[in-house]
Every structure is written in structure tokens, then in C-alpha cells.
Amino acid sequence: MVLNRTLPVFFLFICFSIQSIGQELFPINEPASTVPKNVLGIKFMSETNRELETIRNQFAVRLMYGLTPKLTVWAQPMVSNHHDQFLPNDLIDHRHIGASTVFYSSTIQYGRKYNYTFSGLHFYGKYRFLTQDENDSHFRMAAYAETTIFGTQAHDESEPHLQGDNEGFGGGLIATYLKKRFAVSFTGGFIKANDYHQNKQGLRHQLKYGQAITYNLSFGYLIYPKKYTSYNHSNINLYVELVGKSYGAAQLWEDDQAVEIVSESLGQGAYLDVFFGIQRIMNSNDRVELTVAFPVINKSYRHFYPLLSLGWQKYLFK
Amino acid sequence: MFFSLSLLRLFRSWNKYIFMRRLLFSLLLLGMFTSPSQAQQVEQVTIGVNGLHCSACSFTVEKSLMKVDFVSVVMMDLNDRIARVILNDAEETDFHKLAKAVTDAGYSVRDVVVTLGGQSKEDQSCLTIDNNNFCLIDLKSDSNEFRLIDKDFMPKKEFKKMQDIPAACSSCGTDKNRYIAQWF
């Protein structure tokens, strides 16, 4: 109800007050613009949500580098308490039909407490292949590829997620348009997660996650300053970012026997979240941002709501 | 100072032949020591930058320009999206390096305007400053600024419209360090 009121007001605000210089430094989605050549950037990120009585956290450090003016790469190690190192024991249930036993997936108990463990090393590369810069606007397009390795956690939902839950790879395209104070960016991509294998107490399990397509739309607007007079001026930017994903159902095997997928968290799904963000840039380099996410269409099983994200980024100029 | 000393020595000389020789020598010295103060030099380079959208981006361009070896001072104007660059007295000045610094930072060059200092320009279509040859077109007698014409110094679309201009400049110095420029 609150969203129904605030969203139209926000969009009207950003569409009718375009004046000077826009913002595309989105907290959640990447713009098509790239890191300057030979510049190293660092970003600290945290993501928090309350899962019943348990606080789920993820912490990450992103080291980014401009290999060329058009090619940016980063490495991002991540730590979280999202999952155990093995699938939950209550993930698979069974029933007897006559002499046979039918295994099926059941809804797991949420709110379990897990230790903080390394949740993977994420690599990302983005190449800006189209640049149409004008005096007060630009349109840019980029292609990206990403992969996550060294994951140690047993992600127990079908939705694949490379920044914290799954190993795998992905890629896609980004188109960003900026006009004065207003910026908009669309990202479309795919995710292919690696299967998860475990051997626990003599039982072998294999979980094949659903493949996903992603569709994200970001809006950014510079609210302060109206006119720059100094690098010491803080910038304050507002963002609305829509993050959507459609994914297939997972497939699960126990000792090579297929497990019927019944639980919703392992089924196919699609959802759209909205992230409201505010960002402050100090001394033209220190970037601090806060976002909070709510569901718009359906919900992600990967996290509870609201999802709170904090970030701090800086370029380390030589 | 040097010229005054030379004249003093001239008046003390009683040998007409020596007097004439010293007069000629002094005039030569006069020419040598007065011509640099009249010579034109690059006072400032103004680079229009397209794609700039925030103070952090402007800061990035400034940092990139400051890495260029012959740049002394960079003053960014984010409201007008321009970089004002003061050059140091290095012998080699390559304006393409300035353009590359902007693109390395992730932005595009809208224009590069060179402002001349020193004595006002003479009516000439060819100018040599700091080992660079400028072939100048569209002469304007009241201007001391010209913009450089090259694919590195302006949007590609605009440069394509000016393709026939370089042919008229083949007689202006050598190809090396030759810039086509238009009075601004």
C-alpha cells in the first residue's frame, strides 16, 4: 500500500525536475560506464535481512580495476551466515506407497543459525562497446561476464545467485542513458549455477539449480547540489532499482534417485524486488550508500524482507 | 640590461670600424633578446569533456590529466564540463596525450581549444610553438584562440564533416607534430 503511493510520486519527481547533471552510480546494478584506466577501486558491502529470529548477513569486499578505458574487472570475496556447509536434513522427506518409498522435497525450517563461512570468490568483467557522449547526456552499452568459484555453502533454494550463494557463471548486456540529473539503466542477463554435490553420512545428494534470466531497471537522480562550486561539495543521489529474476525448478537426487520437487523454494519462480537507495559522495570520491528492498511482484526465497544493504566505495588514485 | 651595456661600450669606442662592427653586433643581440618576449606561446588549453555526470567523474578526469608529463595545473569546471589545463615548460608537448587522458578516464573529448599568450598573433596560416606546427584556417584577426581539428579532438561525427581540411595544410611544416587548427 505504501509502495503504491510512493512509487508514482518518486517517478513524477524525477521526471519533471530534470535540470543539470545526472547520476548513474547505482548501488545495486552496474551501469555501462567503466572504471578509469589503471585506477584501482575498493568497495565494502554488507547485506542484512531478518529471517524470523535470525539476522542473516553477508559481507563482501570488491577490488575493481580499469584494465583499459573500456574494460573493468573485479574480484570479490564474500562471507555470510546464509547457509550451512551441508543441505538441511529436513530438505528431503518421504512417504510410503505400498511397498515403495517416494522421496520429495519439503519446506525447510527457516531461521536456523549458521556460522559465518566463506561463500565464494566472485569475478566480473565488463566491456563498454558503445559510447555516445554528448555535452549533457550520454548513452552507453556494455557486455559483462561473471563467475563465482570456491563456494563452500549449500544453497538450498532453486534461485541461483552468484554473489553469495552459488558457484557458476553468467553474462549479459547493460544499456545506460543519462540526461542531466536523471539516469536510467537496463541490465538483462542469465545465470547458470553449478550443481551442488555432497556426501554426508553415507548418502549422496546432488542439487541442480534452475537457470535464470535477470532483468533489472535502475533510475537515479541527483538531488544535491543544484550547482557545483567545489569538489568538497557532497553529492546526494536518490535511486529506485527494480531487480527481477525468472528461474527454473531445481532437480534433486539422493543416491541417484530423483526426489520429487514439492516445496516452493525449490520450484520455478519469478519475482521483482524494488530497492530504494540514497547515496552520498564526499570529496568527489568517498561514496556511501544505503538501500532497502521490498517485494513488488512475488518474493525471492533467497532472503526475507526488508533487505538492507550498505556500501562504501573509493577509487585509489596513484 | 644586456643591450644597455652593449651601447655603453659602443660610445667608448673611437675606432669607426670597431664601432660599426659593435653596432651590428648589438643590433643582433637586441634581436636575440627581444624576440622571445614577443613570441607566441600556449597560455592555456581548454578541453570540453562529454559524458561527465558527477563531481567524482570530474575528479577522475583531473587525476588522469595531471598524469600527463607536460601538464602543470588542471582546473575542472563541472558545470560547463570543461578542463582548463596549464602546461609546464617541457620541450615536448603532445596534445594527443591530453585527449587520451580524457578517454582513459572513461569520457569523450568535445573540443580542444588552445589559447595563445604573448604578443597578439600575426596574420599567418602557419604557426610554430614549442616544436608543434599549427596549420591555421578561418583567420580571425581579433582572436587568440584556436581549436584543434582531429578525430582525437572532437566527436567523430563532427570530424567526418571536416575531412577535406587537412589537405590544405600540407605546406605547413612537417607531418610530425603538425596540427590542423581553426581560429575560434
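The values are calculated or read from the model by the stated rules, or taken from the named source; none is laboratory data. All values derive from a computational prediction rather than experimental measurement. Heads up, the Cβs are rebuilt from the backbone with ideal geometry, glycines too, and the neighbour counts pull from every protein chain shown.
I need the full set of residues from the range A:50-78 which are β-branched (V, I, T) and in contact with a Gly (Cβ under 9 Å, 6 or more places away or on another chain), in order please. If you could, list the steps in order and put the result at the bottom.
So in the range A:50-78, the residues β-branched (V, I, T) come out as A:54-55, A:61, A:68, A:72-73.
Within the range A:50-78, A:T54, A:T72, A:V73 meet the criteria.
Output the number of residues of the range A:116-140 satisfying the condition of being within 14 Å of chain B (Cβ to nearest Cβ), under 27 Å from A:G170 (Cα atoms) and surrounded by 17 or more Cβ atoms within 10 Å (Cβ to Cβ).
Number of matching residues: 6.
Residue-wise test of (1) loosely packed, with under 14 Cβ neighbours inside 10 Å; (2) of a type in the set (F, W, Y); (3) at pLDDT 95 or above.
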| residue | (1), (2), (3) |
| --- | --- |
| A:I42 | no, no, yes |
| A:F59 | no, yes, yes |
| A:L71 | no, no, yes |
| A:M78 | no, no, yes |
| A:G98 | yes, no, no |
| A:Y114 | no, yes, yes |
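So how many residues does the range A:193-222 have that are of a type in the set (V, I, T) and closer than 30 Å to A:K180 by Cβ?
The initial filter retains those residues of the range A:193-222 that are of a type in the set (V, I, T), namely A:213-214.
Imposing the further condition that a residue be closer than 30 Å to A:K180 by Cβ reduces the set to A:214.
The total comes to 1.
Residue under question is B:A99, and the condition is that it be among the small types (G, A, S), out of contact with any Pro (no Cβ under 7 Å at 6 or more places or on another chain) and at pLDDT 95 or above; does it hold? Give the derivation first.
Working: among the small types (G, A, S): yes; out of contact with any Pro (no Cβ under 7 Å at 6 or more places or on another chain): yes; at pLDDT 95 or above: yes.
Yes.
Strands (runs of 3 or more DSSP E) wholly in the range A:238-318 with at least 1 residues that are within 14 Å of chain B (Cβ to nearest Cβ) - which ones? Walk me through how you get there before you give the answer.
Working: elements: A:251-254, A:257-259, A:269-282, A:286-297, A:307-316.
Output list reads A:269-282, A:286-297, A:307-316.
Got a sec? Which of A:S234, A:S263 is surrounded by 15 or more Cβ atoms within 10 Å (Cβ to Cβ) and over 14 Å from the mean Cα position of the chain (by Cα)? Working first, answer last.
Working: A:S234 fails: surrounded by 15 or more Cβ atoms within 10 Å (Cβ to Cβ).
From the options A:S234, A:S263, the qualifying one is A:S263.
Just the residues that are more than 9 Å from chain A (Cβ to nearest Cβ), buried (at least 20 other Cβ atoms within 10 Å of the Cβ) and either free of Cβ contacts under 8 Å to residues at least 40 places away in the same chain or under 21 Å from A:K37 (Cβ atoms) (or both), please, taken from the range B:83-108.
Hits for the range B:83-108 are B:A83, B:V85, B:F95, B:L98, B:A99, B:A101, B:V102.
Looking at (1) polar (S, T, N, Q); (2) under 30 Å from A:R287 (Cβ atoms); (3) assigned to a strand (DSSP E or B), which is the one condition that is false for B:T60?
With respect to (1) polar (S, T, N, Q); (2) under 30 Å from A:R287 (Cβ atoms); (3) assigned to a strand (DSSP E or B), B:T60 is out only on (3).
Of all residues in the range B:59-82, which are more than 24 Å from A:L130 (Cβ to Cβ) and either touching a helix residue (DSSP H, G or I) at 6+ places or on another chain (Cβ under 7 Å) or buried (at least 24 other Cβ atoms within 10 Å of the Cβ) (or both)?
The answer is B:L65, B:K67, B:V68, B:V71, B:V74, B:M76, B:L78.
A:L222 fails exactly one of the following numbered conditions: (1) hydrophobic (A, V, I, L, M, F, W, C); (2) surrounded by fewer than 20 Cβ atoms within 10 Å (Cβ to Cβ); (3) under 25 Å from the mean Cα position of the chain (by Cα). What is the number of that condition?
All conditions pass for A:L222, except number (2).
Can you tell me which of A:K227, A:K245 is at pLDDT below 95 and either more than 30 Å from A:N199 (Cα to Cα) or surrounded by 15 or more Cβ atoms within 10 Å (Cβ to Cβ) (or both)? Walk me through it before giving the result.
Details: A:K245 fails: at pLDDT below 95.
Just one listed residue meets the conditions, A:K227.
Out of the residues in the range B:132-184 that are outside any loop (DSSP other than H, G, I, E, B), modelled with pLDDT of 80 or more and over 16 Å from the mean Cα position of the chain (by Cα), which is surrounded by the most Cβ atoms within 10 Å (Cβ to Cβ)?
B:F159
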